[in-house]
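S.K.: I'd like to ask some things about the structure below.
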Amino acid sequence: MRPDGRSDHGGAAGTGAARTAVFTPVDTRARVDTVVRRIGDAIELGLLADGEQLPGETELAGQLGVSTVTLREALMALRQQGLVTTRRGRGGGSFVTLPDSPPQERLRARLADWSTEELRDLGDHWAAVSGAAALLAARRTQPGDLLPLSRTAEALSTADEPATRSRLYGRFHVELAAAAQSARLTREEIALQTDLGALLCLVLDDPGHLRDVSDRHRAVISAVQDEADERARTLAETCVRESMGRLIALRLATP
């Protein structure tokens, strides 16, 4: 570790570190639901690709620190949710199935389940997590660590479908936490995207807001590259608060 707090060896960051966080042991108090949430979150965010084969049951159970019985129950639940497909025989195993875009009606009904107070509280939490991730990324990353962030930011700016945009938006913040070299912040971002990721489809269909988000994401990357930690934190927090403000306004307009 260098005196300024930056790692001497960039370490795994970006998508690689985000994927690594998916397969770290779950909380010792956790059971089937936590495994389902961990893998399901990663699939929803696109950290695990459509059609990708998961590790074998014994290997995956060992990585997650759970029994094979618990893992099998979790895989069964994921199959019921349409997130995993299991094939038998030679070349078989469990494969990721990326969900289709959620219908607008279902998303609006899901939004109506949240009170504005709950959304504000969640937005405050998300802003704090992303702000901390941006600040630490500016202090710790090496230049090559930011390539996944740059690719995701550019993909978001040209994405056509709201569902794709929401996945890329969430992935950017997960990769930002991974660039901070913090497994805890990365897992927290993944969990936040489970609560909010799909709902962001409702605000990312506005081309003007999409341009604002894309510009802010590029500005965050620039600040991290310049090691401007406080500027990076402010930009990341502003990006989150703007999107959450739009979501809250939409909730207020929902009967």
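The values are calculated or read from the model by the stated rules, or taken from the named source; none is laboratory data. None of the values given here were measured: they were computed from a predicted structure. Here the Cβ is made from the backbone with ideal geometry for all residues, glycine too, and neighbour counts use every protein chain on show. Just the protein is used for accessible areas: all its heavy atoms, side chains included, with ligands, DNA and RNA removed. Shrake-Rupley method; radii C 1.70, N 1.55, O 1.52, S 1.80 Å.
S.K.: Cβ-Cβ under 6 Å, sequence separation 6+ or interchain: first residue in the range 63-77 and closer than 13 Å to residue 40 by Cβ and modelled with pLDDT under 90, partner open to solvent by less than 60 Å² (accessible area, probe 1.4 Å) and outside any helix (DSSP H, G or I). Which pairs?
M.R.: Hits for this filter: zero, empty list.
S.K.: Follow-up question, since we're still on this one. Output the residues belonging to the range 144-171 that are within 20 Å of residue 230 (Cβ to Cβ) and of a type outside the set (Asp, Glu).
M.R.: 146, 149
S.K.: I've got another one for you. Somewhere in the range 180-187, is a residue free of Cβ contacts under 8 Å to residues at least 40 places away in the same chain and under 13 Å from the mean Cα position of the chain (by Cα)?
M.R.: Yes.
S.K.: Looking only at the range 175-191, count every residue that is more than 15 Å from residue 137 (Cα to Cα) and crowded, with 24+ Cβ neighbours inside 10 Å and tell me the total.
M.R.: 1
S.K.: Among the numbered criteria (1) assigned to a helix (DSSP H, G or I); (2) at pLDDT 95 or above; (3) not aliphatic (A, V, I, L, M), which one does residue 201 miss?
M.R.: (2)
S.K.: Out of all the residues in the range 204-241, which are more than 17 Å from the chain's Cα centre (by Cα), farther than 23 Å from residue 135 by Cβ, touching a residue at least 40 places away in the same chain (Cβ under 8 Å) and open to solvent by less than 20 Å² (accessible area, probe 1.4 Å)?
M.R.: Matches in the range 204-241: 210 only.
S.K.: When you scan the range 37-151 for helices (runs of 4 or more DSSP H) that lie fully inside it, which ones turn up with 2 or more residues that are under 30 Å from residue 216 (Cβ atoms) and open to solvent by less than 70 Å² (accessible area, probe 1.4 Å)?
M.R.: It comes to 104-112, 116-140.
S.K.: Also, quick follow-up: Mind counting the residues in the range 65-79 that are more than 10 Å from residue 31 (Cβ to Cβ), of a type outside the set (A, V, I, L, M, F, W, C) and in contact with a helix residue (DSSP H, G or I) (Cβ under 9 Å, 6 or more places away or on another chain)?
M.R.: Counting residues in the range 65-79 that are more than 10 Å from residue 31 (Cβ to Cβ), of a type outside the set (A, V, I, L, M, F, W, C) and in contact with a helix residue (DSSP H, G or I) (Cβ under 9 Å, 6 or more places away or on another chain) gives 2.
S.K.: Filter the range 75-89 for residues that are within 10 Å of residue 35 (Cβ to Cβ) and over 20 Å from the mean Cα position of the chain (by Cα) and give the result.
M.R.: The answer is 75, 77.
S.K.: For the range 123-170, enumerate the residues that are in contact with a Cys (Cβ under 9 Å, 6 or more places away or on another chain) and small (Gly, Ala, Ser).
M.R.: Within the range 123-170, 127, 130, 163, 166 qualify.
S.K.: On the basis of being open to solvent by 30 Å² or more (accessible area, probe 1.4 Å), out of contact with any Phe, Trp or Tyr (no Cβ under 8 Å at 6 or more places or on another chain) and at pLDDT below 90, does residue 194 make the cut?
M.R.: Yes.
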